[in-house]
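Before any comments, here is the structure.
The values are calculated or read from the model by the stated rules, or taken from the named source; none is laboratory data. Small disclaimer: the values here were computed from a predicted structure and weren't measured. Here the Cβ positions follow ideal geometry from the backbone for every residue, glycine too, while neighbour counts run over all protein chains shown. Surface areas here come from the heavy atoms of the whole protein model, side chains and all, with no ligands, DNA or RNA. Shrake-Rupley method; radii C 1.70, N 1.55, O 1.52, S 1.80 Å.
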Amino acid sequence: MAHWWEKYPWRMVQTNLREIDMADIDAEAYADSLAQFGATVVTLNAGGILASYPSRLPYQQVSEYLTGSSLRQLVDACHARGIRVIARMDFSKIPLEVYRQHPNWAFRTETGEIVEQNGYVQTCQNSVYQREKTSEIFTELLSTHPFDGVYCNMSGFVATDYSDRVYGLCHCESCRRAYLAETGQPLPAGSNPADPAFRRYMAFQMKCAGATRAAMVKTIKGINPEIAVDKVDYLRTESHSEIGYHIFPYSASSNSRRTVGPLHDRVSDNASVDFMGFRYRDSSVSPALLALRQWQNLANAGSVSLYIMGRLDNHADRSGFDASRKAFAFHQRHEELFTSLSSAAQVLLVCKNQAAREEPEGYGWIRTLTAGHIPFDEIRCGELDQKVLAGKKLVILADVGRLAPGQAALLDDFVRQGGSLVASGDNGQAAQPLACLGVEVTGEKKDHMAAVLEVARPEVFPRSRAARYIPFGPVLWQLQPREETETLLTLVPEHPYGPPECCYCTQTSEQPGLTVHPWGEGKGICLPWKAGSFYHTEGHQNTLDFLLDVLELAGAQSLAPALTPMVELTLHKTCRGLLVQLVNASGCFANSYLPPLPVYNVELCLPGVQAERVRALAGGNAAYKQTESGLCITLDKLGEYEAIEIL
């Protein structure tokens, strides 16, 4: 028997209720507002930092504002309208009063200080509170309230505060004692990723976090196995903004792709965050940005999901609501279609394991593939296995670092059987060579300033025919190619870049900047520099043209060669046929998000595809013709989004 969340038409509204929102909340009005918005799931505050119900546990402070409808009434009213309810829990902090009774539950800096903000103290995941008391909270809450799911906010070892200050490793007594027992060593000083002691500590953290989560899941599932748990049954991510930080325009696409994965076996809840940042929680980002995120979620087999502070009825800035409503309504009309998608992409992008605020190498390849209208799946390196390679013709390793045991052999076998591999940056070659690349890494040269790469065979790079030199940034790994490996770019060493009178090259070298190696039925292509990073940070057309040439060399095919790079294209299988989705990002202008400009006469070419019927679902008109090579589709007009079903 399937769990409720499997194939469920997931339309999420997360209402982060402030304590004052419970003072006058009306359960019927609250549930009605969600139903009218089109929501099928809601996440709301339940417990942890502050209990939204009359908890009897002495260490869980009960809100003093529980004068409106009760939490149980809220859950029941939502259920009466067919809306599933997820309990938002947060164990990352405790009120000062609770801390004073249990000071050993707090996160401690290296100097023994606590982290306190607005009357709440940060806790440690190794504390008795997070390891033991949380189970008592779950038991009390879930035994008295029929929640459908649980989401734990800020789970794990939290080392920052809401002002983005970083406090390093926790040095509480629980951490010191557990680490000493695990390793026989004291906690490392500082947070240097290059320090082996720090890497041991991070492995220790992962082990502790895994044990805590396993115990939490066991408690929840023991109460009711039909309670969906974040990171187990579904995965919540965020596309958000923060003051002073650049917004990655493909955040929602990337989050959704990574969550559902090539196997499309996970529920993706990528929240489109309504507010500008922690400091401005009541002010909305641009409506066009919210709309773009929702369409990207849909286009990448995710779900529509909106995250606001407060309630829908009392939100201070509703300027972005209509932007999400439109996507919610479209999903509602076609929910059967969107709960049966699976990937039709033949390209797999593999990114670093660790999440970071910026991932320039992965971002650069995402932008390149998107601009080239090449459908692709996206995973973290740790997820790379035989299953995710099924149906793939090209794998891109985006500066992933050292591969896990067995992954190099897996990729060599993939290429041997006819696949292509493009490896950029550092992919662990020095420690664990990929035989399919046909090169040996002999060193790493940093701090390049004016060095460039010269195109040895211009006919191989048709888009770059007019560009003799390819800039590559500050780092180049030095390669020794095998005899059968072809070098297509060579290094032009450092040369003067000022004054203008002496700005020219006088030397050449044999140092490779791009190599191609035949391996079995396939080929391995090595870019010993951070090609994606250079494109993402600098953004110039000649870099994009060159990377698209590399992808073509690797066998990737564009499904819309004449379409503007500002439109994203995805391709999925459905229970009836295929679904092409187009997301118009032409409204991205500098750091603003504006309504996109319409695109007319969009031409799509799907090689090998046969069709009996083609229809556009979001307002356009699609004509098609069958050719010897495949299916050609012309869409008369693209607004902000279109979905074309091929039957």
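About the Cα centre of segment 215-317, how large is the charge dipole given +1 on each Lys and Arg Cβ and -1 on each Asp and Glu Cβ? Please answer in debye to the nearest 20. Could the numbers behind the result be given before it?
Values: 11 positive and 11 negative charges, 62 e Å.
With only Lys, Arg, Asp and Glu charged at Cβ, the dipole is about 300 debye.
To the nearest 20 debye, what is the magnitude of the charge dipole of segment 75-233 about its Cα centre, counting +1 on the Cβ of each Lys and Arg and -1 on the Cβ of each Asp and Glu?
Roughly 360 debye for segment 75-233.
What do you get when you divide the Cα radius of gyration of segment 580-647 by 2.2 N^0.38 Å, with N the number of residues?
Working: Rg = 13.5 Å, N = 68, 2.2 N^0.38 = 10.9 Å.
Rg over 2.2 N^0.38 Å, computed on Cα atoms: 1.24.
When ligands, DNA and RNA are left out and all protein chains stay put, how many square angstrom of accessible area per residue does the chain have with a 1.4 Å probe?
Details: 27600 Å² over 647 residues.
Here the per-residue accessible area is 43 Å².
Over 27 Å apart: what share of the alpha carbon pairs of segment 326-476 falls there, rounded to a whole percent?
Of all Cα-Cα distances in segment 326-476, 35 percent exceed 27 Å.
Relative contact order for segment 471-536: what percent, with Cα pairs under 8 Å and sequence separation of 6 or more?
38 percent
For segment 195-304, take N as its residue count and report Rg(C-alpha) divided by 2.2 N^0.38 Å. Show your work: numbers first, answer last.
On the way: Rg = 17.2 Å, N = 110, 2.2 N^0.38 = 13.1 Å.
Its radius of gyration relative to the 2.2 N^0.38 Å reference: 1.31.
Calculate how large, on average over all directions, the projected area of the Cα convex hull of the chain is; give the answer in nm² to one decimal.
Spelled out: convex hull of the Cα atoms, projected over all directions, averaged, 31.1 nm².
Could you tell me, in Å, what Rg and Dmax come out for the Cα atoms of segment 501-548?
For segment 501-548, the Cα radius of gyration and maximum Cα-Cα distance read 14.7, 50 Å.
Can you give the extra length, in nm with one decimal, that the chain gains between V166 and E444 once fully stretched, where that is 0.36 nm per residue apart less the Cα-Cα distance?
97.0 nm
Let me check I've understood the local charge: for A228, count other residues with C-beta under 14 angstrom from its C-beta, Lys and Arg +1, Asp and Glu -1. What total comes out?
+1
Give me the percent relative contact order of the chain, please, defined on Cα pairs under 8 angstrom at least 6 residues apart.
10 percent
What number, in nm² with one decimal, is the all-direction average of the projected area of the convex hull of the alpha-carbon atoms of segment 170-228?
Averaged projected hull area, Cα only: 5.1 nm².
How far apart, in nm, are the 7 Å Cα→Cβ label points at F278 and A404?
3.2 nm
Got the relative contact order for segment 10-57 handy, in percent, Cα pairs under 8 Å and 6 or more residues apart?
Here the relative contact order equals 53 percent.
Which of A181, V150, H171 sits closest to the plus end of the dipole of segment 146-215, meaning its Cα is farthest towards the positive end, when Lys and Arg get +1 and Asp and Glu get -1 on the C-beta?
My answer, from the dipole projection, is A181.
Based on the alpha-carbon gyration tensor of segment 1-98, what equivalent-ellipsoid semi-axes (square roots of 5 times the eigenvalues) come out, in whole Å, largest first?
Working: eigenvalues 130, 53, 23 Å².
One finds semi-axes of 25, 16, 11 Å for segment 1-98.
Determine the sum of side-chain charges near Y535: Lys and Arg each +1, Asp and Glu each -1, restricted to other residues whose C-beta is under 12 angstrom from that of Y535.
On the way: positive: R367, K530; negative: E361, E538, D545.
Neighbourhood net charge equals -1.
I'd like the Karplus ³J(HN,Hα) series for segment 274-288: coefficients 6.51, -1.76, 1.60, θ = phi - 60°, whole numbers in Hz, and an x wherever there's a Gly or Pro.
Each residue of segment 274-288 in turn: 6, 8, 6, x, 3, 6, 10, 6, 9, 10, 7, 6, 4, x, 5 Hz.
State the percentage of accessible surface on segment 140-274 attributable to carbon and sulfur atoms; use a 1.4 Å probe and exclude ligands, DNA and RNA.
Looking at segment 140-274 in its full context, I get 58 percent from C and S.
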